Amino acid sequence: MIRESFLELLRHKELEKITVTDICYEADINRGTFYRYYESPLNLMQCLQDEVYERCMCLIKQRFKGDTCVVLRTVFEVLKGTDPEIVKFTIDKQNHYTFLEEIFKGAKEATRPFIMQRIKWLTDTQFDYYYAYVTNGIIGIISQWIRSGMTHNTDKIEKMFVLLLEQSKQDLETRSLEFLKLN
């Protein structure tokens, strides 16, 4: 009831303006009940965000079999199954996209062997920059999807991203000698 009331309030009020009193009134509970579970409305939001992060990471670890696209697909899947108010708050410029950055930070070492096998001449340092390039692109794509109302077909978005990624990989391979000189 606390969570549902909080999410309902988020639809009409900014997080910073939601008080424990507001949540208690909406949930028809007393303050002691709220404080048994949460320290503040910000703490409640952090708990909701942490649950979304844990769901993402758990599914990514279960599903990853060397396909980098599973990360994007999984993030879309989890976000679609999450209350839009949590998603909008979790992934916005004010929060500096920390949520998405943490997901891709967590997936980095799992994807390293796969990517380095596909781009054999990539050094560890070059991988770090390539990974930053790719994941910041993904963060931008997911952020655009959220800003546009989370209604666009994520399968098409994912296919578009795969095409962009493959083109980037081909361009790197074509210019691999130049890229190696930058090492």
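General observations
- When the residues of segment 107-130 are filtered to those that are buried (at least 17 other Cβ atoms within 10 Å of the Cβ) and closer than 13 Å to V71 by Cα, the one that is farthest from the chain's Cα centre (by Cα) is T111.
- Which numbered condition G149 misses (of (1) under 21 Å from V162 (Cβ atoms); (2) touching a Pro at 6+ places or on another chain (Cβ under 9 Å)): (1)
- Applying the set (1) of a type in the set (D, E, K, R); (2) assigned by TED's automatic domain parsing to the domain that holds E173; (3) surrounded by 15 or more Cβ atoms within 10 Å (Cβ to Cβ); (4) over 22 Å from D155 (Cα atoms) to E26 leaves exactly one unmet item: (2).
- Taking residues in segment 107-130 that are in the same structural domain as M57 (by TED's automatic domain parsing), and partners anywhere that are surrounded by fewer than 15 Cβ atoms within 10 Å (Cβ to Cβ) and assigned to a helix (DSSP H, G or I), the pairs with Cβ atoms closer than 6 Å and at least 6 places apart or on different chains are W121/S176.
- Candidates in segment 73-91 are the residues that are surrounded by fewer than 21 Cβ atoms within 10 Å (Cβ to Cβ) and closer than 19 Å to V134 by Cα; of these, the one that is modelled with the lowest pLDDT is R73.
The values are calculated or read from the model by the stated rules, or taken from the named source; none is laboratory data. Note that the structure is predicted; figures quoted are calculated from it, not measured. Virtual Cβ from ideal backbone geometry, glycine too; neighbours counted across all protein chains shown.
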